[in-house]
1. Multiplying the sequence separation of ARG57 and ASP123 by 0.36 nm and subtracting their Cα-Cα distance, what value in nm do you get?
2. If each residue's Cβ is checked for other Cβ atoms within 10 Å, how do VAL191, VAL60, VAL110 rank with the fewest at the top?
3. Please list, in chain and number order, the residues 5+ apart from SER35 or on another chain whose amide H is under 5 Å from its amide H, with Hs placed from the backbone.
4. Taking a ≥ b ≥ c as the square roots of the Cα gyration tensor eigenvalues, with a/c under 1.5 meaning rounded and otherwise prolate when a/b beats b/c, else oblate, which class fits the stretch 95-179?
5. Report the residue, chosen from VAL46, VAL143, VAL101, that carries the largest GNM mean-square fluctuation when the chain is represented by alpha-carbon nodes joined by springs under 10 Å.
6. In degrees from 0 to 90, rounded to the nearest 10, what is the angle of the helix 71-85 Cα long axis to the longest principal axis of the chain?
7. Measuring from a point 7 Å past the Cα of GLU87 along Cα-to-C-beta, which residues in the stretch 39-58 have an amide N at less than 20 Å?
8. Mind checking Rg over Rh on the stretch 2-91, alpha carbons, Kirkwood formula for Rh?
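All of the numbers you see were taken from the coordinates with simple rules; none came from a lab. Given the structure is predicted, the values throughout are model-derived calculations rather than measurements. Heads up, the Cβs are rebuilt from the backbone with ideal geometry, glycines too, and the neighbour counts pull from every protein chain shown.
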Amino acid sequence: MGRGRFIVLEGVDGAGTSTQCALLCAALRARGYPSHQTREPSDGPVGMLIRQILSRRLVVPSQTGFKSPRMETMALLFAADRLDHLEGEVLPNLGDGVTVVCDRYVHSSVAYQTLTASADDRDALRWVKTINERARKPDLTMVLVVSADTAARRRASRGGPEEIYESGDLQRRLVDFYSDLPRSFPDQPAVLVDGEQDLDEVHASCLKAALELY
């Protein structure tokens, strides 16, 4: 049995990573490659806790009332969820020869946690990478690149309350980070995909890149 491939899709909120993960898995299966779709935060216990924080259903007390957890707390939660996710879902599938397609991974931790660190925290990038050092590296990361305006329109079309990381200023800075993601991960294979294309064109680009792994 051949080894499974570990593929990650990344991008700013509204880039279309969830949709493209589903399309890619279906296309790989249709070509005879067993595939498993997953996501981070995961559906495990720590991941579910993170999702409650992101949706503002879980806050922590402070002297002025309630607020979201600190950047450091969120970074540690994401790292813990990641290792749990790898052990319980990702690595067993890869060991069985199944390709795993994951919606977000370490790259999102580096992007979101470093960009929400205080301006004088010069060690944030190094620290976030350090606590994720034991996470398996992907075989390929695809970054769906869209403009801040396109991402904002797509998020608005989904409806629902704004999550803690969906403020306009942060999202614009995230767009810049993702557009230059390979520079932050020089030791990992990564491709940039034009997420402004129509759905089928984005899918075709992702599938082409994925098939080159086989």
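1. Length gained between ARG57 and ASP123: 20.8 nm.
2. Numbers: VAL191 15, VAL60 11, VAL110 20.
Listing VAL191, VAL60, VAL110 from fewest to most nearby Cβ atoms yields VAL60, VAL191, VAL110.
3. Those lying under 5 Å, H to H, from SER35 are THR99.
4. Details: a/c = 2.17, a/b = 1.18, b/c = 1.84.
Oblate, because a/c is 1.5 or more while a/b does not exceed b/c.
5. So, out of VAL46, VAL143, VAL101, the one fluctuating most is VAL46.
6. 30 degrees
7. 39-51
8. Values: Rg = 16.2 Å, Rh = 15.1 Å.
Using Cα coordinates only, the ratio equals 1.07.
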